[in-house]
Amino acid sequence: MAGRTGERLQERTKGRDVRTSNIVAAKAVANAVRTSLGPRGMDKLLQLENGEILISNDGATILSKMKVIHPAAKMLVDLSQSQDIEAGDGTTTVVVLAGALLNACSALLAKGIHPMAIAGSFLRAADKAVEFLQEISKPVQLGDRDSLLSAVETCLSSKVVAQNSDLLAPIAVDSVLGIVDDIDTSTFVDLNDIRLVTQMGGTVDDTELIKGLVLTKGATKTAGGPTSMKNAKIALIQYCLSAPKTDMDNSVVVSDYAAMDRILREERKYILEQCKSIKKSGANVLLIQKSILRDAYNELSLHFLAKMGILVVTDVDRGDIEFICRTLGCQPVAHTDQMTPDKLGEAETVTDVLMEGGSAKVVKFTGVKNPGKTTTVLLRGSNEFVLGEAERSLHDAQCVVRSFVKKRFMIAGGGAAETEASLRLHKYSQQLTGMDAYCFQAFADALEVIPYTLAENAGMKPIEVVTELRKQHAEGIKGAGINVKKGMVSDMYELNIVQPLLVSTSAIQLATETVSMMMKIDDLVVVAHN
């Protein structure tokens, strides 16, 4: 009997140690990104394994690049990625919130509350918090451009490119709304229909939204061909405009000059026939896919195409083919015999453009006839760091608009929503009895980590700020949040500091699910490789 009691005691000790280890590791990850939260959050300088450096304050980006070993810490990295997929924004918020919930779990475990009771109560508290947020949310229509811009500017305010939000916010809104099937009824939008093209040179202010297509390869001018074309008929080929070659096992033996001359004449005739079939189809712009097997083109084919007045763009990446076809309405042609007029796309103008502030050239396709629901954003930046962060920031901004497409409600930012949910949960917990009451109160306190951290990162006195927030919310000011610019508590709705409901509800639900899962773990087993 004594032996069994000893075994149970050992099991309890082991479970407690594993949970403590998990909590410590996960909280370390949360604390690493906590200083990045909010418009006054700091950026992180990341050094990658290959020696490259990265500057970002995006939670998902920072965590995805961190070398994390502990399994519980990896769960928080995955949590950030899940939030990025679901809402696109709030990736730092969800990790900071998970850290606060784990801190609350430590206190509850110290009081002797069973981990399963904590996990169950936290899940119920999260559902209640989401319900409260839905009650205080305000409906928004996709046609309400001002509200969408306000939410996007709130998202961009915490980014490295915050000073460019006046330009990037309208681009984010217009690019997403441009691919929505029906503004009134659609609840889904695929951001893969928006192509972000980065081009070094100039500044972020030179970024533009293009209702068409941009290729970062300039038009080929080695043979003196055209560099612009009006009323363009566009062909996209996946075969090579060069002489055929033998395979690895065979070879051609040339014994005299006459045979060499015949081979050259046949090659010339072969390439000329290919170029004639392209011209016969009516194409005056030709896109050639990059080939790894042999030369996709040669100087002779470019010479023939130039004489025929065809604008040529070479080395088109295979991964871009689908987007190009959807945008231009053309079909890829795999063999010269299949080159027919119905395979061509159309555009009003195709122009080879020298980018301002740099030596690089791009080809712009504008005035696309019968385009698919696609659009292109040409991002500019002075160096790789600015370009990379601008691309990530614009993607987050587009995800904010996508969140409104999924769920058309908005709530106040600046920690207002979390404070209101915390206050209501405290009131609701007074109706509960037993362990639930303790757990709901701990959950409500954990929600206040968001306004606390926002105030802390802004250089304000967090305890005083959170106390003032509680006071104003108790008086019925649901939009009271932290105004970091003036260092005071203000009504966020009056300042147009809003965010999608989906970002906050997703963060609360995902963080709670992860923490509850960690509470149910009582052992760590390392599996050996076979």
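The values are calculated or read from the model by the stated rules, or taken from the named source; none is laboratory data. Just so you know, these numbers come straight off a predicted model, no measurement behind them. Cβ atoms come from the backbone with ideal geometry, glycine included; neighbour counts cover every protein chain shown.
Key figures
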quantity: Strands (runs of 3 or more DSSP E) completely within the stretch 347-444 that count 3 or more residues being surrounded by 17 or more Cβ atoms within 10 Å (Cβ to Cβ) and within 16 Å of the chain's Cα centre (by Cα); calculated: 375-381
quantity: Count of residues meeting criterion [of a type in the set (A, V, I, L, M), part of a loop (DSSP other than H, G, I, E, B) and over 30 Å from residue 178 (Cα atoms)] in the stretch 200-246; calculated: 2
quantity: Some residue of the stretch 428-449 being over 13 Å from residue 125 (Cβ atoms) and among the aromatic types (Phe, Trp, Tyr); calculated: no
quantity: Cβ pairs under 7 Å, 6+ apart, first in the stretch 455-476 and on the phi > 0 side of the Ramachandran plot, second in a helix (DSSP H, G or I); calculated: none
quantity: Residues (among the polar types (S, T, N, Q) and in contact with a helix residue (DSSP H, G or I) (Cβ under 6 Å, 6 or more places away or on another chain)) located in the stretch 137-185; calculated: 137, 164, 165
quantity: Subset tally (residues that are of a type outside the set (A, V, I, L, M) and either at pLDDT 90 or above or buried (at least 16 other Cβ atoms within 10 Å of the Cβ) (or both)) for the stretch 308-321; calculated: 3
quantity: Check on residue 419, in the same structural domain as residue 122 (by TED's automatic domain parsing), among the hydroxyl-bearing types (Ser, Thr, Tyr) and touching a His at 6+ places or on another chain (Cβ under 6 Å); calculated: yes
quantity: Search result, residues across the stretch 422-452 that are within 18 Å of residue 482 (Cα to Cα) and either in the same structural domain as residue 158 (by TED's automatic domain parsing) or touching a helix residue (DSSP H, G or I) at 6+ places or on another chain (Cβ under 6 Å) (or both); calculated: 422, 423, 446, 447, 448, 449, 450, 451, 452
quantity: Members of the stretch 258-310 found to be touching a Pro at 6+ places or on another chain (Cβ under 9 Å), assigned to a helix (DSSP H, G or I) and among the aliphatic types (A, V, I, L, M), listed by number; calculated: 306
quantity: First in the stretch 265-282 and assigned by TED's automatic domain parsing to the domain that holds residue 342 and closer than 22 Å to residue 342 by Cα, second anywhere and in a helix (DSSP H, G or I) and among the β-branched types (Val, Ile, Thr), Cβ under 7 Å, 6 or more apart; calculated: 274/336; 277/336
quantity: Some residue of the stretch 211-224 being at pLDDT 85 or above and in contact with a helix residue (DSSP H, G or I) (Cβ under 6 Å, 6 or more places away or on another chain); calculated: yes
quantity: Single condition residue 231 does not satisfy, out of (1) surrounded by 18 or more Cβ atoms within 10 Å (Cβ to Cβ); (2) on the phi > 0 side of the Ramachandran plot; (3) of a type outside the set (Gly, Ala, Ser); calculated: (1)
quantity: Pairs where the first residue, in the stretch 23-48, is on the phi > 0 side of the Ramachandran plot and the second is surrounded by 19 or more Cβ atoms within 10 Å (Cβ to Cβ) and not in a helix (DSSP H, G or I), C-beta under 6 Å, 6+ apart; calculated: 38/158
quantity: The stretch 229-246 residues that are free of Cβ contacts under 8 Å to residues at least 40 places away in the same chain, paired with ones that are surrounded by fewer than 19 Cβ atoms within 10 Å (Cβ to Cβ) and in a loop (DSSP other than H, G, I, E, B) (beta carbon under 8 Å, 6 or more apart); calculated: 246/252
quantity: Any pair with Cβ under 9 angstrom, 6 or more apart, that starts in the stretch 486-497 at a residue that is modelled with pLDDT under 90 and ends at one that is in a loop (DSSP other than H, G, I, E, B); calculated: 487/458; 487/459; 487/460
quantity: Breaking point among (1) assigned to a helix (DSSP H, G or I); (2) more than 28 Å from the chain's Cα centre (by Cα), for residue 126; calculated: (2)
quantity: Among the residues listed as 89, 84, the single one being in contact with a helix residue (DSSP H, G or I) (Cβ under 8 Å, 6 or more places away or on another chain), assigned to a loop (DSSP other than H, G, I, E, B), under 21 Å from residue 510 (Cα atoms) and of a type in the set (D, E, K, R); calculated: 89
